[in-house]
Amino acid sequence: PRSRIDRAKQELTRLLERLGGTRVGLVLFAGTVKELPITTDYTAVRLFWEDMTPNDMPVEGTAIGLALTSATRLLQRVRGKGKPRDQVILLITDGEDHQSDPMKAAKMARRLGIRIYTLGIGSPVGELIPHITADGQQAGYLKHDGKFVTTKLDRATLRRIAKATSGKFIQASAASFGVDRFLKQISKLKKAETKKRIQRTYHDWYALPLLLALLLLLVEASLGSRRW
């Protein structure tokens, strides 16, 4: 429903407000994708999705695998040299994928060390898909060959995608969309990354006191030999 799309936009705005300058990108998808490259310009990110409607996507469908591949490539482009920092994808979907291979895309992300968090906002039972006119109004529900088209949430696949990349599946509900739970996961990753940096700093400096100790031993040996 349109209200679900509107709520998703509101929750994403709230998510941006709490990310604190973290670089983000955006991939909008149906049967194809539209990308916004990685940026810290949150105003541009909001503008990208605020006016977006289902009619803006040229191909209908739910190509989750295509969207994950697109997101993985966006993250890959901004990687620097050396050990990359933690990168994550938040996949928000209300449907099942009959058009691409989401598990193949998840394995590609896993090879690059990218975690995928899946947020399901649909129903596993199946729901009718509203037909939105060009002026943004709902006019009944979509039909194909005279039959109503339904979409349902494939929780099993979303769990497999998350598990394959050491991510987590989050089920949205009327009371909680899932943004807070996702932010908790990001917070854990940031703490782990900070701990790694501290450990690397210690490792980088350990050679200096070792060198000083060796010089002191050499000086002591030299002085001892003179006394002898």
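Some values worked out for this structure:
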| read-out | value |
| --- | --- |
| Efficiency of FRET from Cβ geometry, residue 98 and residue 181, R₀ 22 Å, rounded to 0.05 | 0.20 |
| Extension gain, residue 22 back to residue 77 (0.36 nm per residue minus Cα-Cα distance, nm) | 18.2 nm |
| Net length gained if the chain between residue 174 and residue 189 were fully extended (0.36 nm per residue, minus Cα distance) | 2.7 nm |
| Calculated FRET value between residue 86 and residue 46, using beta carbons and R₀ = 25 Å, to 0.05 | 0.55 |
| Computed FRET value (nearest 0.05) for residue 35 with residue 156, which takes r as the C-beta separation and R₀ as 25 Å | 0.35 |
| Order of exposure, largest accessible area first, which applies to 62, 93 with probe 1.4 Å | 62, 93 |
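The values are calculated or read from the model by the stated rules, or taken from the named source; none is laboratory data. Since the structure is predicted, the reported quantities are computational estimates derived from the model, not experimental observations. When we count neighbours, we look across all protein chains shown, and the Cβ atoms used for this are built from the backbone with ideal geometry, even at glycine. The accessibility values were calculated without ligands, DNA or RNA, using every heavy atom of the protein model including side chains. Shrake-Rupley method; radii C 1.70, N 1.55, O 1.52, S 1.80 Å.
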